[in-house]
Amino acid sequence: MALPDNESLELVLDAKALLGEGPHWSEEDQQLYWVDILSKCVHIYDPQRHENQTIIVDQLISSVVVRSSGGLVITTEKGIQFLDIETETLTPIDDPESTQPGNRFNDGKCDPSGRFWAGTMDFDGAAATGSLYMLHKDLSIKTMKNHVTVSNGITWSPDYRVMYYVDSPTKNIVAFDYDNQTGHIKNERIVVTIPEGEGIPDGLTSDSEGNLWVAQWGGSMISKWNPVTGKRLDVIPVPATHVTSCAFGGPHLDELYITTARTDLDEHARASQPHAGGLFKLKTAVKGIPTFKFKG
Ligand code: CA
């Protein structure tokens with residue numbers, strides 16, 4: 001698969017990540033934080049200098065967010081932790097599933113109030129033993145949803161009244177009524193279903209018009225959906241079978257960063273997808289919602 005005939009999709013970093021994931025744009029330093037879960041590292045990409053700094057965490061780091069008081073919050077198979085970028089020191093916050101060795105953390109994101117949401121998954125993605133958690137700013141943790149198989153993308157509507165969530169094997173994106181004051185969610189309903197033969201939904205984000213941009217694992221695409229009508233508005237082909245997540249970034253929040261994976265491809269697929277595992281960027285006509293920091 002060559003790069004598609006889509007002038008606005010750019011390969012910004014031929015990273016060859018095994019499992020590139022969790023893009024998080026930091027407005028303050030204008031850098032993209034992202035992870036490679038299977039290579040156990042966090043990457044910090046500076047688009048202006050075109051430099052990518054890598055910190056080896058030596059755990060299955062599955063998500064990263066910036067903490068407003070400095071440093072990062074990350075998730076791994078050992079729970080939620082602080083990561084000091086200067087010293088590369090990890091400090092545990094909580095491990096709600098320390099008695100479930102068959103599970104690990106997966107995707108996570110901060111809500112508009114600065115609480116951190118992250119979910120877990122069965123290592124094999126087969127059993128509904130995972131949960132979705134919310135870390136309050138006082139570092140207390142609350143279980144928000146049980147019986148999740150592969151907890152994945154989370155995002156909010158631009159008015160913060162709706163939270164969207166993906167449990168990948170269901171192929172659905174669900175919505176909840178969202179209370180930004182308390183973090184309370186209710187009234188779960190399906191708003192989007194990924195069509196048969198297009199893989200499964202993975203990470204996702206929202207734009208300022210309220211539409212969803214969804215990475216399709218096994219689907220070689222980012223797709224744009226109207227969650228009110230459930231209709232697909234656009235498809236952006238990506239030259240990698242496994243498209244894992246996306247986040248808006250750039251000085252004007254109109255550049256969609258896209259992560260991809262090289263894992264789970266056979267020799268033939270790897271040869272025909274030389275840029276699988278790369279970090280891509282798509283110039284968009286619409287702005288994204290900002291990425292929120294952890295305020296604890
Ligand atoms: Ca994911």
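Is it fair to say Glu97 is surrounded by fewer than 18 Cβ atoms within 10 Å (Cβ to Cβ) and of a type outside the set (Lys, Arg)? Against the criterion (surrounded by fewer than 18 Cβ atoms within 10 Å (Cβ to Cβ) and of a type outside the set (Lys, Arg)), Glu97 does not qualify.
In summary, Gly79 fulfils each of the numbered conditions (1) on the phi < 0 side of the Ramachandran plot; (2) of a type in the set (Gly, Ala, Ser); (3) crowded, with 18+ Cβ neighbours inside 10 Å with the single exception of condition (1).
Restricting Ser26, Ser113 to those that are of a type in the set (Gly, Ala, Ser), away from the ligand (no atom under 16 Å from the Cβ), within 16 Å of the chain's Cα centre (by Cα) and on the phi < 0 side of the Ramachandran plot reduces the list to Ser26. For segment 164-208, a tally of residues being in contact (Cβ under 8 Å) with a residue 40 or more places away in the chain, assigned to a loop (DSSP other than H, G, I, E, B) and crowded, with 23+ Cβ neighbours inside 10 Å returns 0. Just one residue in the set Ala240, Ala247 is within 16 Å of the ligand (Cβ to nearest atom), buried (at least 19 other Cβ atoms within 10 Å of the Cβ) and in a strand (DSSP E or B); that residue is Ala247. The set of residues in segment 30-48 being in a strand (DSSP E or B) and buried (at least 16 other Cβ atoms within 10 Å of the Cβ) consists of Gln31, Leu32, Tyr33, Trp34, Val35, Asp36, Cys41, Val42, His43, Ile44, Tyr45.
Residue check: Leu282 meets all listed conditions (1) more than 16 Å from the ligand (Cβ to nearest atom); (2) closer than 25 Å to Val73 by Cβ but one, namely (2).
For segment 214-237, a tally of residues being part of a strand (DSSP E or B) and within 14 Å of the ligand (Cβ to nearest atom) returns 5.
Look through Glu27, Glu86, Glu51 and report the one residue that is acidic (Asp, Glu), touching a residue at least 24 places away in the same chain (Cβ under 8 Å) and surrounded by fewer than 19 Cβ atoms within 10 Å (Cβ to Cβ). Every option except Glu27 fails the conditions.
For segment 262-288, filtering for residues that are surrounded by fewer than 21 Cβ atoms within 10 Å (Cβ to Cβ) and hydrophobic (A, V, I, L, M, F, W, C) leaves 6.
As a summary of the residue check, Phe123 satisfies the conditions (1) of a type in the set (Phe, Trp, Tyr); (2) surrounded by fewer than 21 Cβ atoms within 10 Å (Cβ to Cβ); (3) modelled with pLDDT of 95 or more except for the one numbered (3).
Here's a check for you: in segment 54-73, which residue that is assigned to a strand (DSSP E or B) and more than 14 Å from the ligand (Cβ to nearest atom) is surrounded by the fewest Cβ atoms within 10 Å (Cβ to Cβ)? This residue is Ile56. Each residue in segment 181-200 was checked for being among the polar types (S, T, N, Q) and in contact with a strand residue (DSSP E or B) (Cβ under 8 Å, 6 or more places away or on another chain), and 2 of them qualify.
The values are calculated or read from the model by the stated rules, or taken from the named source; none is laboratory data. What you are looking at is a predicted structure, and each value in this text was computed from that prediction instead of being measured. Cβ sites come from the backbone with ideal geometry, for glycine too, and all protein chains shown count toward neighbours.
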